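*Asks:* Pasting a structure below so you can have a look.
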Amino acid sequence: MRTQTLSFTTDQSQQMLDITGEIRKTLKESGVTSGVLSVFVPHTTAGLTINENADPNVRKDILSALEAMAPSTAAYLHAEGNSHAHIKASLVGSSVRVFVETGQLMLGTWQGIFLCEFDGPRTRNVLVRITPS
Amino acid sequence: MRTQTLSFTTDQSQQMLDITGEIRKTLKESGVTSGVLSVFVPHTTAGLTINENADPNVRKDILSALEAMAPSTAAYLHAEGNSHAHIKASLVGSSVRVFVETGQLMLGTWQGIFLCEFDGPRTRNVLVRITPS
Amino acid sequence: MRTQTLSFTTDQSQQMLDITGEIRKTLKESGVTSGVLSVFVPHTTAGLTINENADPNVRKDILSALEAMAPSTAAYLHAEGNSHAHIKASLVGSSVRVFVETGQLMLGTWQGIFLCEFDGPRTRNVLVRITPS
């Protein structure tokens, strides 16, 4: 079973959680030194994105922009009250990929991997799989 | 030739078509039990996304939100009248990936794979490729 | 080292640069005839998308729509003045994938691969990795 399942608990209704450290740990434990690492979120009201990990205000601005595009307070057909979260999930996407060379993630200087919580707080699973090559 | 080509006919101008069953069938026929399955749409006015496959209203809400972001009735430079569809295609993206373990797609309980038609109705191709590992 | 690094110089603040030719050249030089080619941008104010490569107005319409969603002139918390670019980067995404068969990219007739510059002009790196299978 190459797929690893990580678990994260979010503490806000909408949040970008930096999970780069845990992904790096998973890569190290795999022993893979060359390939492509993929991350997948098996939820429909959460997503994954790669963006700046320095100034936390970037994450706030991204969440605010998504909220303006799909307001959590707007009227939707779906009766559970979380349609905005489903919309945001499709906008950012359900997976990200990073290349691996010499056992390291080939991320840019300012890049981090973020679990995007759009309907929290909750405990969320994140799947990681590394294709060696 | 590892790439399989599936064909789907949409019957609305904008539509999210659940293609999970056909993708599962393609996986089964491949005989691959472990790896990453990728789906790609070779069109520029259609996309792919993973989202809820239970309440059909979720799909309607997602399409309505995309329509609010890029109205099909707005004025655009591109003279063919389908710029809104190109914009939506880049917002949801041209490919999705799902992990495979013991011959099964590692989708979450509520997740389905959707072909997003933004300029239909049309017959659309969807490419599937499975990288074993 | 399977990862190839390409370099592109953009000449506008916001721009969709067609990099399909350079990607094709990288594929040819790799000698890989069957697999999945992935492209990744190691920057947080640029992205990658696949869309129409025929009428340049499509690109202008996509950039205009993204600008309407995240205006470069709006007020944001992030003090560097480029939050709009971070937001757009997460909307289009940091990577794209194309299948490879008989040494060719399996792109649709009208599809091209675009580096999306959201905070230029700049010199940008684009990483390419091909997983044979």
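*Asks:* Of all residues in segment C:95-111, how many are within 11 Å of chain B (Cβ to nearest Cβ) and either on the phi > 0 side of the Ramachandran plot or within 13 Å of the chain's Cα centre (by Cα) (or both)?
*Replies:* Within segment C:95-111, residues that are within 11 Å of chain B (Cβ to nearest Cβ) and either on the phi > 0 side of the Ramachandran plot or within 13 Å of the chain's Cα centre (by Cα) (or both) number 6.
*Asks:* Only one of A:Arg59, A:Arg129 is more than 29 Å from B:Ser34 (Cβ to Cβ) and among the basic types (Lys, Arg). Can you tell me which?
*Replies:* A:Arg59
*Asks:* Going by the conditions given, is A:Thr33 among the hydroxyl-bearing types (Ser, Thr, Tyr), over 17 Å from A:His86 (Cβ atoms) and surrounded by fewer than 17 Cβ atoms within 10 Å (Cβ to Cβ)?
*Replies:* Yes; evaluated as a whole, the condition is true for this residue.
*Asks:* From (1) in contact with a Gly (Cβ under 6 Å, 6 or more places away or on another chain); (2) crowded, with 23+ Cβ neighbours inside 10 Å; (3) in contact (Cβ under 8 Å) with a residue 60 or more places away in the chain, pick out the condition that doesn't hold for A:Ser133.
*Replies:* Exception for A:Ser133: condition (2).
*Asks:* Somewhere in segment C:112-121, is a residue within 30 Å of B:Ser30 (Cα to Cα) and either within 8 Å of chain B (Cβ to nearest Cβ) or touching a Leu at 6+ places or on another chain (Cβ under 8 Å) (or both)?
*Replies:* Checked against the condition, which is being within 30 Å of B:Ser30 (Cα to Cα) and either within 8 Å of chain B (Cβ to nearest Cβ) or touching a Leu at 6+ places or on another chain (Cβ under 8 Å) (or both), segment C:112-121 yields at least one hit.
*Asks:* Mind checking which residues of segment C:3-19 are outside any strand (DSSP E or B) and crowded, with 16+ Cβ neighbours inside 10 Å?
*Replies:* C:Thr3, C:Thr10, C:Gln14, C:Ile19
*Asks:* Follow-up question, since we're still on this one. Looking at segment A:52-91, which of the residues that are surrounded by fewer than 24 Cβ atoms within 10 Å (Cβ to Cβ) and touching a Gly at 6+ places or on another chain (Cβ under 9 Å) is farthest from the other protein chains (Cβ to nearest Cβ)?
*Replies:* Residue satisfying both the conditions and the ranking: A:Ser72.
*Asks:* Within segment C:22-42, identify whether any single residue is touching a helix residue (DSSP H, G or I) at 6+ places or on another chain (Cβ under 8 Å), closer than 23 Å to A:Ala68 by Cα and of a type outside the set (Gly, Ala, Ser), and answer yes or no.
*Replies:* no
*Asks:* Might you check whether a residue that is over 30 Å from A:Met16 (Cβ atoms), among the basic types (Lys, Arg) and modelled with pLDDT of 95 or more occurs anywhere in segment C:68-89?
*Replies:* No, segment C:68-89 contains no residue that is over 30 Å from A:Met16 (Cβ atoms), among the basic types (Lys, Arg) and modelled with pLDDT of 95 or more.
*Asks:* Residue under question is B:Thr44, and the condition is that it be among the hydroxyl-bearing types (Ser, Thr, Tyr) and more than 8 Å from chain A (Cβ to nearest Cβ); does it hold?
*Replies:* Taking the combined requirement at face value, the residue satisfies it.
*Asks:* Now a separate question. What number goes with the only condition from (1) touching a residue at least 40 places away in the same chain (Cβ under 8 Å); (2) buried (at least 24 other Cβ atoms within 10 Å of the Cβ) that A:Lys28 does not pass?
*Replies:* The failed condition is (2).
*Asks:* Which one of the conditions (1) free of Cβ contacts under 8 Å to residues at least 60 places away in the same chain; (2) surrounded by fewer than 22 Cβ atoms within 10 Å (Cβ to Cβ); (3) of a type in the set (A, V, I, L, M, F, W, C) does B:Val96 fail to meet, given that it meets all the rest?
*Replies:* So B:Val96 meets the others, but not (2).
*Asks:* Within segment C:28-37, can one find any residue that is among the hydroxyl-bearing types (Ser, Thr, Tyr) and more than 9 Å from every other protein chain (Cβ to nearest Cβ)?
*Replies:* yes
*Asks:* Then there's this: For segment C:122-133, which residues satisfy the criterion of being over 25 Å from C:Ala54 (Cα atoms) and more than 7 Å from every other protein chain (Cβ to nearest Cβ)?
*Replies:* Within segment C:122-133, just C:Ile130 meets the criteria.
*Asks:* I've got another one for you. Inside segment A:37-59, can you point out the residues that are β-branched (Val, Ile, Thr) and in contact with a Phe, Trp or Tyr (Cβ under 6 Å, 6 or more places away or on another chain)?
*Replies:* Within segment A:37-59, A:Thr44, A:Thr45, A:Thr49 qualify.
The values are calculated or read from the model by the stated rules, or taken from the named source; none is laboratory data. Every value quoted in this text rests on a predicted model; they were computed, and no experiment measured them. With ideal geometry, Cβ positions are generated from the backbone for all residues, glycine too; neighbour counts draw on all protein chains shown.
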